[in-house]
Amino acid sequence: MLVGDVGGTNVRFALALRRGSGMRIERFEVYPGKEFPSFADALHRYLDHTGVRASSACFAVAGPVKDGAGELTNRKWTVSSAELSKEFGIHDVMVVNDFLAMARSVPELEDDAFEVLFAGEAVPGAPILVAGPGTGFGVSTILPGECGWKVVSGEGGHIAYAPRTELERDLARILTRDHGYVSNELVASGSGLPAVHAAFCEIYGVPMREMPPAEMRTRADAGDTMFRSLIELRAMTVMGAVGDLALINGALGGVVLAGGVTERIVDFLRTPEAFARFADRGPMSGYLRNCPVRLLHDPVAPLIGAAAHFEQSSQ
């Protein structure tokens, strides 16, 4: 079957085939989303380039999905199952949230797809939280059951940011002034980085100059106090957010971090301070102390999860 991972930055396509107990990905291609006025244009490029033809497809989109159509949060694209089926002659098209697909991939993957950040002991049968920032901030929870895995997805990345330190309160004040509502996605995701950078420049009293995330990281590693504090704050935001979400969902089956931003700041996520931000919850601080936290590295995980979800839904 044809699968796609439709993100705010890139769109990825492939064919997925079940081989024994695993899902195999073939004919993988990735395209920058900015090169196409619509998702359909990107899909035409893939099909024309590869010669792939499919009777079924599942596309995972970075945004809310309703009535078979997904609206990307950080790109003006709509991905509609009915319209795609009609335009491309694909008999059965499913559209799902990208973190639903990301979460559904977790039970399909081998252990080497994950990096253990904080060891613990997962509670058998308990929910597993899958979350983290890329262009946006995705959140889903996966539940084991007698009839297979069930994924509960929503827009958890847009819950309100909860500052704890004086620097975080200064950032929240400036972002509130400039943007109104301040979410964890605004603070931690790639799409929110320019706003956070501008706020840090104001806090530190330095001129604002646009620069790519890689240069910010290089400056942080070279000892630049402002950029190191910026990256540390974003890491604390991630760990604080997933701690809140794990507490809400009772996700003692473990936490799986995912997303491009998460991978780029992983060394800031595995510190004792980061774990404290995750686990310290006042009178409930003991609740998450033994909850394992892993990082998902597999770049085709949403494609595997989309295929697995489609397969399970069709049974």
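Here are some notes:
- Working from Cα pairs under 8 Å separated by at least six residues, relative contact order for the chain is 22 percent.
- Normalised alpha carbon radius of gyration of the chain [divisor 2.2 N^0.38 Å]: 1.01
- Normalised by 2.2 N^0.38 Å, where N is the number of residues, the C-alpha radius of gyration of the range 181-226 stands at 1.16.
- Per-residue packing, averaged as other Cβ atoms within 10 Å, sorts the ranges 56-69, 160-173 into the order 56-69, 160-173, beginning with the highest.
- Which of Tyr161, Leu100, Pro302, positive extreme of dipole for the chain (C-beta unit charges): Tyr161
- Using only the C-alpha atoms, the convex hull of the range 106-237 corresponds to 144 Å³ per residue.
- For the range 157-315, a simple Cβ point-charge model (Lys and Arg +1, Asp and Glu -1, everything else neutral) yields a dipole of about 260 debye relative to the Cα centre.
- Lys, Arg +1 and Asp, Glu -1 on Cβ, resulting dipole of the range 1-70 about Cα centre, debye, nearest 20: 280
- In the range 132-216, Cα pairs under 8 Å separated by at least six residues give a relative contact order of 26 percent.
- Rounded to the nearest 20 debye, the dipole magnitude of the chain is 180 debye, with +1 charges on Lys and Arg beta carbons, -1 on Asp and Glu beta carbons, and the Cα centre as origin.
- With N the number of residues in the range 40-174, Rg(Cα) / (2.2 N^0.38 Å) evaluates to 1.30.
- Taking the DSSP bridge list for the chain and keeping only pairs wholly inside it, about 65 percent are antiparallel.
- Within the range 42-170, antiparallel bridges make up roughly 70 percent of the DSSP beta bridges whose residues both belong there.
- Relative contact order (%) - criterion: Cα under 8 Å, at least six apart; region: the range 1-137: 22
- Take 12-18, 129-135, 32-38 and order them by the average number of nearby Cβ atoms within 10 Å per residue, most first; the result is 129-135, 12-18, 32-38.
- Shape analysis of the range 1-56 places it in the prolate category; the axes a ≥ b ≥ c from the Cα gyration tensor give an a/c of at least 1.5, with a/b above b/c.
- Convex hull volume of the Cα atoms of the range 1-101, normalised per residue: 96 Å³.
- FRET efficiency for the His91 to Glu121 pair, using the beta carbon distance and R₀ = 45 Å, is estimated at 0.50.
- Listed peptides 176-186, 114-124 by packing density, highest first (mean Cβ within 10 Å): 176-186, 114-124
- Label reach from Ser314 (point 7 Å along Cα→C-beta): in the range 87-128, amide nitrogens under 13 Å belong to 90-95.
- Volume per residue of the C-alpha convex hull in the range 202-267, rounded to whole Å³: 105
FYI, it's all coordinate maths here, none of it is from the lab. All figures in this text were calculated on a predicted structure; none of them were measured in a lab. Glycine gets a Cβ as well: all are built from the backbone with ideal geometry, and neighbour counts include every protein chain shown.
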